[in-house]
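Step one of this worksheet: look at the structure below.
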Amino acid sequence: MLIVVAASDEQWEELVKARPQIEWKRVHNGNEFANNKIADAYFDLTGNSSSQQYAPLKKPVIINSVIETLQELNAPEDILRINGWPGFLQRPSWEIAGTVDAHTRSVFEKLGVRLHVVADEPGFIAARIIAMIVNEAYLALEDEVSSKSEIDTAMKLGTNYPFGPFEWSIAIGIENIAALLEKLNKEDSRYKPADLLLKEVNKKQHESYSEH
């Protein structure tokens, strides 16, 4: 089985390392998929895809689109959404939105990934929950309930989570958390991002801009 992938170094490592039984080919971006039409499936994890460019491939194209839905992207039928945020690609179970046919299922069976087909909604399920947990932790920090490290420790001990909320925000990227919360907040005020969370995102973006 040949799978063509456009991804960052981190995403490539997470996707490929544990699945040596697959023949992988890495390309720079989704525009190069058309030059590899013999592939069984395609992964565009860059988050910069234009879904219409994949229509001629006639094979499943899996895109990293946590926030934008297939409907919003006006995606063709062969396009499927997954959560390609850091840490999610190495999991044995993935949430996926889109039309999962027999060929797509066979691809993921060979990848050793269990699929959970979910509604085409922003954030899927796991990312929504994690974003809310991170947001609540920032609200607690605003109220001076405790420190970041103590909140992380309390959550791991109390819930047996692998990471505390602030550890999650670092691993996933606080800017990804904020972007999802802001999108969800447009429809439901429960997702309103904490002021402190947005402040840290703005600080990080400013520092990144200053470096360049």
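The values are calculated or read from the model by the stated rules, or taken from the named source; none is laboratory data. None of these values were measured; they are calculated from a predicted model. Every residue, glycine among them, receives a Cβ derived from its backbone with ideal geometry; neighbour counts consider all protein chains shown.
Checking V66, V27, V16 one by one, the residue that is closer than 22 Å to T99 by Cβ, in contact with a strand residue (DSSP E or B) (Cβ under 9 Å, 6 or more places away or on another chain) and not small (G, A, S) is V66 and no other. Under 16 Å from the mean Cα position of the chain (by Cα) and either buried (at least 19 other Cβ atoms within 10 Å of the Cβ) or not in a loop (DSSP other than H, G, I, E, B) (or both): is that true of E32 in this structure? No: the conditions fail for E32.
Restricting region 74-117 to residues that are assigned to a helix (DSSP H, G or I) and in contact (Cβ under 8 Å) with a residue 24 or more places away in the chain, the residue that is nearest to D9 (Cα to Cα) is L111.
For region 58-78, the tally of residues that are more than 24 Å from E182 (Cβ to Cβ), in contact with a Pro (Cβ under 9 Å, 6 or more places away or on another chain) and of a type in the set (A, V, I, L, M) stands at 1. Could you list, in sequence order, the residues of region 123-165 that are in contact (Cβ under 8 Å) with a residue 40 or more places away in the chain, of a type in the set (A, V, I, L, M, F, W, C) and part of a loop (DSSP other than H, G, I, E, B)? Passing the criteria: only F124.
Exactly one residue out of A6, A18 is within 19 Å of the chain's Cα centre (by Cα), surrounded by 12 or more Cβ atoms within 10 Å (Cβ to Cβ), assigned by TED's automatic domain parsing to the domain that holds E72 and touching a residue at least 60 places away in the same chain (Cβ under 8 Å), and it is A18. Checking region 57-73 against the condition returns a match, with at least one residue being in contact (Cβ under 8 Å) with a residue 40 or more places away in the chain, aliphatic (A, V, I, L, M) and assigned to a loop (DSSP other than H, G, I, E, B). When D120 is tested against (1) in contact with a Leu (Cβ under 6 Å, 6 or more places away or on another chain); (2) outside any loop (DSSP other than H, G, I, E, B); (3) touching a residue at least 24 places away in the same chain (Cβ under 8 Å), only condition (2) is not met. Under the condition of being surrounded by fewer than 19 Cβ atoms within 10 Å (Cβ to Cβ) and not in a helix (DSSP H, G or I), the residues counted in region 166-199 number 5.
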